[in-house]
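A quick write-up on the structure given underneath.
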Protein chains: 2
Amino acid sequence: VSFVKQFVCTVCKTNYPSNYTGFTCPKCGEKGILDIEYDYRAMKSVVTKQYFKANSDYSMWRYLPLMSIDKRPETTLAVGWTPLYETKRLGSLWGISRLYVKDEGLNPTASLKDRASAVACAHAKAIGATTVACSSTGNAASSLAGSAARMGLASVIFVPKRAPAAKVTQLGVFGAKVIQVEGDYKAAFSLSKQAIAHYGWYNRNAAINPHLVEGKKTVALEIAEQLDWNVPDWCVVSVGDGCTIAGVYKGFYDLFELGITTKIPRLLGVQAEGCQPFVTAWDNNEAILETDENTIADSIAVGIPRNPNKAMKAVVQSNGEWIAVSDEAILAAIKTLGNTEGIFGEPAAAAAAAGCYEAIRRGVISPNDAVVVISTGSGLKDIDHAKQAVEEPIRLFPNLELLIDVLRKKDIQ
Amino acid sequence: VSFVKQFVCTVCKTNYPSNYTGFTCPKCGEKGILDIEYDYRAMKSVVTKQYFKANSDYSMWRYLPLMSIDKRPETTLAVGWTPLYETKRLGSLWGISRLYVKDEGLNPTASLKDRASAVACAHAKAIGATTVACSSTGNAASSLAGSAARMGLASVIFVPKRAPAAKVTQLGVFGAKVIQVEGDYKAAFSLSKQAIAHYGWYNRNAAINPHLVEGKKTVALEIAEQLDWNVPDWCVVSVGDGCTIAGVYKGFYDLFELGITTKIPRLLGVQAEGCQPFVTAWDNNEAILETDENTIADSIAVGIPRNPNKAMKAVVQSNGEWIAVSDEAILAAIKTLGNTEGIFGEPAAAAAAAGCYEAIRRGVISPNDAVVVISTGSGLKDIDHAKQAVEEPIRLFPNLELLIDVLRKKDIQ
């Protein structure tokens, strides 16, 4: 049984009943992204701290009663219940006493997007779809192809001409039909839209599908549970389209409404300086304008965010903040996370860490605040950029005296 | 409290007491690899099915009482408790009804080696070492560097000149001092040995350190527990040095000795045709001879296995088998695992799947046998080889009619 009460358009606020099958508001078109509202009073009778204590399913599906689909699919990848590391060494370096990192790179296809794609595929199966589709070259695509393969669905992924061969390869391994479109991302997106309409494939394009946020929110539910329901003062997350921060907010909101937690953490939305539409709009108190996409953090390089309202609402309602970080700061954060804690994040993941550090430096985050940084994806997906962050190896002939000499100069023993 | 009874030399069978601090048998030198024996009678009083039922630590450390170190380190990466997938689609394709894949690529640095490195670092900390070292370009190195960073240890990794830049980068992210030796792997290994002796660093070189197998065995303990202690008929694992299959055997052996399980699965050791010293020795009933290292499965490309006795014993004692597979079969298995189940393994991981398929084809594994294949590492570590396994994307101009036409010819709708 799902506790969905209704779907509400984030633009015109029109309500649609719980059995509504559309993805967006027909009045507002594609911008009419729907928010899913729950009957928390009914949900409360099932979802309690005790419910979780008795639940031995250590995956995102332990949160099924808080989701918009009825049934856990029979076969799934092992999405969720990723580690929340207490990172004392990093915290001490940054001068805060309670710092945690949630390593979402340990999801099956190595990013937080697995949570959304798992829900998409589960929903697709529930409504009888046999093919799922999206346009992306990144984590959304690989997570969709992976979950689809595991659940026995076909997948079709539209990528732009410039899509990196490595990412196309990952899609191919998962058996996705990859359509490489002569043109840019917009051309790929546009063709995907037409094809999805023509064939009736299940649509996993970002933002449009309201169930995706309901999958993503499980990361917040886990953070809260892993901290024994004592939610942090701040939760830091990097932002591209805005869907992930919207999901994080939704998860914390659900728990607060259920009375399981006593507050909603302040959300720090982090963007790259070279692509910061949210930060600019926030700083200037103006509407979100299209920007360039100049950053190494490809997973958050989104010049026109597709989920602006939900993302802005997440920061405003949580009394949060927006911050931008340079690519240099992102590279430094990749190295610092790896060096001090053994966590290897992709640039977009390290952006959140860099934003946390910058917020501490500016006094936005206080030394006594409890902070969770979400590391959204694995660094193994982008070795090339990480290379810019690290020292060259020590090269020498195989001779112990030579080695001792070199190490002495570097003060290693 | 650890239940170690004694250390026994795998060559000359000399016993050493439980407080012995050396790694190898002084009489036999480096070939005198030690096996750790436990006092199962004492262990039985603690380690029961009930013990695990009450244990909420879902990581490799839930098996601490079966290990050779006393204490779980304070900070660790989230190693272990990786998913054991029931793979019905793959099983049906291969004609067996009970097939499972253990995805070790979901460990923190993306391979099974994390289990050994976590124990190495824990042991290093316990005996007061501050620097850990090994020579490797592969999963042993990245797992050591990652666990060392997390536990606050320094790490020094020796790599040969030809070490791929991507792998060196991963080590750098984890803050390892990387020594790139002008020469081949043997030169790197030899310099590492001299340097470890000179500086007194903690030695994580394969086989030599008897505690590593005790970490690796946790994969078998997990498989058994995840199957509710009904161990499979076969467990399939790819073999290079021989340490991993030795660990798998040790884990199943422990449980059998404790009376928690009723049998030890037959172990199928899989090698690549281009580097199959164990298979050749087995087929010809002769000693293990040095071979070439001609295979894409770099993680098992070991021409002189360093742990031959323990590995051979594992197969003999379990009534197991050895099998070799071609690189073509390995590439095909990468694709099949990905397509049917959404699991992306590196070549050495897919080798086990390919070996399983070959054993079914030959009738070594029967259709009614329950089989677990261990996928030892993530395919994200070796995208280049995976590329050879997958179809080219469909390239076209952004036009729906064109797309429909192409897809019709491929019978997609």
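The values are calculated or read from the model by the stated rules, or taken from the named source; none is laboratory data. Because the structure is a prediction, the values reported are computed rather than measured. All Cβ positions, glycine included, derive from the backbone under ideal geometry; neighbour counts span all protein chains shown. The accessibility values were calculated without ligands, DNA or RNA, using every heavy atom of the protein model including side chains. Shrake-Rupley method; radii C 1.70, N 1.55, O 1.52, S 1.80 Å.
A single member of B:383, B:360, B:412 is closer than 30 Å to residue A:183 by Cα, in contact with a helix residue (DSSP H, G or I) (Cβ under 7 Å, 6 or more places away or on another chain) and among the β-branched types (Val, Ile, Thr), and it is B:383. Of the residues making up segment A:273-303, those that are among the hydrophobic types (A, V, I, L, M, F, W, C), more than 26 Å from residue A:384 (Cα to Cα) and not in a helix (DSSP H, G or I) number 3.
The number of residues in segment B:18-42 being open to solvent by 30 Å² or more (accessible area, probe 1.4 Å), hydrophobic (A, V, I, L, M, F, W, C) and touching a Cys at 6+ places or on another chain (Cβ under 8 Å) comes to 1.
With the structure loaded, tell me whether residue B:317 is under 20 Å from the mean Cα position of the chain (by Cα), at pLDDT 95 or above and open to solvent by 50 Å² or more (accessible area, probe 1.4 Å) or whether it fails that test. For residue B:317, the condition - under 20 Å from the mean Cα position of the chain (by Cα), at pLDDT 95 or above and open to solvent by 50 Å² or more (accessible area, probe 1.4 Å) - is met.
Residues are listed down the side, and each one gets a yes or a no for (1) among the acidic types (Asp, Glu); (2) on the phi > 0 side of the Ramachandran plot; (3) open to solvent by less than 10 Å² (accessible area, probe 1.4 Å); (4) under 21 Å from the mean Cα position of the chain (by Cα):
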site	(1), (2), (3), (4)
B:231	no, no, no, yes
B:235	no, no, yes, yes
B:242	no, yes, yes, yes
B:248	no, no, yes, yes
B:253	no, no, no, yes
B:265	no, no, yes, yes
B:269	no, no, yes, yes
B:272	no, no, yes, yes
B:294	no, no, no, yes
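Filtered by the rule that a residue be at the interface with chain B (Cβ under 7 Å from one of its Cβ atoms), in contact (Cβ under 8 Å) with a residue 12 or more places away in the chain and not in a loop (DSSP other than H, G, I, E, B), segment A:379-396 gives A:379, A:380, A:381, A:386, A:394.
Every residue, every condition in (1) more than 8 Å from chain B (Cβ to nearest Cβ); (2) modelled with pLDDT of 95 or more; (3) within 20 Å of residue B:340 (Cα to Cα), yes or no:
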residue: A:115; (1), (2), (3): yes, yes, yes
residue: A:135; (1), (2), (3): yes, no, no
residue: A:147; (1), (2), (3): no, yes, yes
residue: A:150; (1), (2), (3): no, yes, yes
residue: A:159; (1), (2), (3): no, no, no
residue: A:170; (1), (2), (3): no, no, yes
residue: A:173; (1), (2), (3): no, yes, yes
residue: A:188; (1), (2), (3): no, no, no
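If you filter segment A:327-352 down to residues that are buried (at least 24 other Cβ atoms within 10 Å of the Cβ) and β-branched (Val, Ile, Thr), you find that the one that is nearest to residue B:108 (Cα to Cα) is A:343.
Of everything in segment A:50-67 that is in contact with a helix residue (DSSP H, G or I) (Cβ under 8 Å, 6 or more places away or on another chain) and away from chain B (no Cβ under 14 Å), the residue that is most open to solvent (accessible area, probe 1.4 Å) is A:51. Could you list, in sequence order, the residues of segment B:311-356 that are under 21 Å from residue A:151 (Cβ atoms) and of a type in the set (D, E, K, R)? Within segment B:311-356, B:335, B:341 meet the criteria.
When residue A:375 is tested against (1) open to solvent by 10 Å² or more (accessible area, probe 1.4 Å); (2) under 22 Å from residue A:224 (Cα atoms); (3) within 14 Å of the chain's Cα centre (by Cα); (4) polar (S, T, N, Q), exactly one condition is not met: (1). Would you check which residues across segment A:70-90 are buried (at least 21 other Cβ atoms within 10 Å of the Cβ) and more than 10 Å from every other protein chain (Cβ to nearest Cβ) and list them? Within segment A:70-90, A:80, A:90 meet the criteria. Screening residue A:181 on (1) open to solvent by less than 10 Å² (accessible area, probe 1.4 Å); (2) more than 9 Å from every other protein chain (Cβ to nearest Cβ) shows it passes everything except condition (2). Filtering segment A:174-192 to residues that are in contact (Cβ under 8 Å) with a residue 24 or more places away in the chain and in a helix (DSSP H, G or I) leaves A:185, A:187, A:188, A:189, A:191, A:192.
Is it the case that segment A:149-159 has a residue that's assigned to a strand (DSSP E or B), open to solvent by 20 Å² or more (accessible area, probe 1.4 Å) and in contact (Cβ under 8 Å) with a residue 24 or more places away in the chain? Scanning segment A:149-159 turns up at least one residue that is assigned to a strand (DSSP E or B), open to solvent by 20 Å² or more (accessible area, probe 1.4 Å) and in contact (Cβ under 8 Å) with a residue 24 or more places away in the chain. Tally up the residues in segment A:274-289 that are farther than 15 Å from residue A:321 by Cα and under 21 Å from the mean Cα position of the chain (by Cα), please. Number satisfying all stated conditions: 3. Looking across B:163, B:126, B:141, one residue alone is hydrophobic (A, V, I, L, M, F, W, C), more than 10 Å from chain A (Cβ to nearest Cβ), surrounded by fewer than 24 Cβ atoms within 10 Å (Cβ to Cβ) and touching a residue at least 12 places away in the same chain (Cβ under 8 Å). It is B:126.
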